[in-house]
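Input: a single structure, listed below in structure tokens.
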Amino acid sequence: QVHLVESGGGLVQPGGSLRLSCAASGFGFSTSIMSWYRQAPGKERELVAFMFSTDSAQYADSVKGRFTISRDNAKKTVSLQMNSLKPEDTAVYYCRAEAVAGIYWGQGTQVTVSS
């Protein structure tokens, strides 16, 4: 059974940092493209960052230079380090796996950036 469980969300002030983590199980993690998406109220879900191998990552323009995606294939985890957070980063953040067997989503974790 596939599981993607996000953690690390919360309330942070503008300019602050948060680190999201996603623990995966039930599929071939090391051969999967791992991504972070987010969805703000009233908006469509959007891609934040994705990573196939441990040395390749792509980011949305809105987060370049502030967010860093990383993965640990041995621990089957993917993380998103978010620095210099802005109010417009407020959203539910989702972990997504594009595996050989299919596409899987986590349940999401809320990130709120507010003073």
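Residue check: CYS22 meets all listed conditions (1) within 21 Å of ALA99 (Cβ to Cβ); (2) at pLDDT below 95; (3) not basic (Lys, Arg) but one, namely (2). Selection of segment 70-98 for residues being among the aliphatic types (A, V, I, L, M), under 20 Å from GLY28 (Cβ atoms) and either open to solvent by less than 20 Å² (accessible area, probe 1.4 Å) or touching an Asp or Glu at 6+ places or on another chain (Cβ under 6 Å) (or both) yields VAL78, ALA97. For segment 99-115, taking the residues that are part of a strand (DSSP E or B) and open to solvent by 60 Å² or more (accessible area, probe 1.4 Å), the one that is farthest from ARG45 (Cα to Cα) is identified as ILE103.
The residues listed here are ASP61, ASP55; of these, the one that is outside any strand (DSSP E or B) and modelled with pLDDT of 95 or more is ASP61. For segment 2-35, a tally of residues being part of a strand (DSSP E or B), open to solvent by less than 20 Å² (accessible area, probe 1.4 Å) and either touching a Cys at 6+ places or on another chain (Cβ under 6 Å) or of a type in the set (S, T, N, Q) (or both) returns 4.
Of everything in segment 58-90, what is at positive phi and either hydroxyl-bearing (Ser, Thr, Tyr) or touching a residue at least 40 places away in the same chain (Cβ under 8 Å) (or both)? Give them in sequence order.
First, the residues of segment 58-90 that are at positive phi: 65, 76, 84.
The answer is LYS76, SER84.
The values are calculated or read from the model by the stated rules, or taken from the named source; none is laboratory data. These numbers were taken from a predicted model, which means no experiment stands behind them. All Cβ positions, glycine included, derive from the backbone under ideal geometry; neighbour counts span all protein chains shown. All accessible areas refer to the heavy atoms of the entire protein, side chains included, with ligands and DNA or RNA removed. Shrake-Rupley method; radii C 1.70, N 1.55, O 1.52, S 1.80 Å.
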